[in-house]
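Structure, as structure tokens:
The values are calculated or read from the model by the stated rules, or taken from the named source; none is laboratory data. Note that the structure is predicted; figures quoted are calculated from it, not measured. We place every Cβ from the backbone using ideal geometry, glycine too, and count neighbours over all the protein chains shown.
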Amino acid sequence: MKNIQLPDEVYQRAAELAEIDHVSVDRLVAALVNERVGDWSKLQARAARGSVVKLKRVLSKVSDAPPEAMDRP
């Protein structure tokens, strides 16, 4: 098992959530990191299926007109 360092305020928030769920901080952080790693893997898989050529084809259909007044800052 590896150790990681967290900023005090992040650790404190994690400790509060862990206490509510009756689990250790280690278990809570491991579960959250595992979830995000899975999300990242899914995103990478979707990106690998993408195509710059297809993106450019879609973007070529967008009008070159200036934005309407309600869309301007």
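Scanning segment 7-30 for residues that are surrounded by 10 or more Cβ atoms within 10 Å (Cβ to Cβ), hydrophobic (A, V, I, L, M, F, W, C) and out of contact with any helix residue (DSSP H, G or I) (no Cβ under 7 Å at 6 or more places or on another chain) yields V10, V23, A30. The residue pairs whose first member lies in segment 11-39 and is in a helix (DSSP H, G or I), whose second member is of a type in the set (S, T, N, Q), and whose beta carbons are closer than 8 Å, counting only pairs six or more residues apart or on different chains, are A18/S24.
Test A48 against the stated conditions and say whether it is of a type in the set (A, V, I, L, M, F, W, C), under 20 Å from the mean Cα position of the chain (by Cα) and at pLDDT below 95. Yes; evaluated as a whole, the condition is true for this residue.
Here L55 clears all of (1) at pLDDT 95 or above; (2) surrounded by 10 or more Cβ atoms within 10 Å (Cβ to Cβ) except the condition numbered (1).
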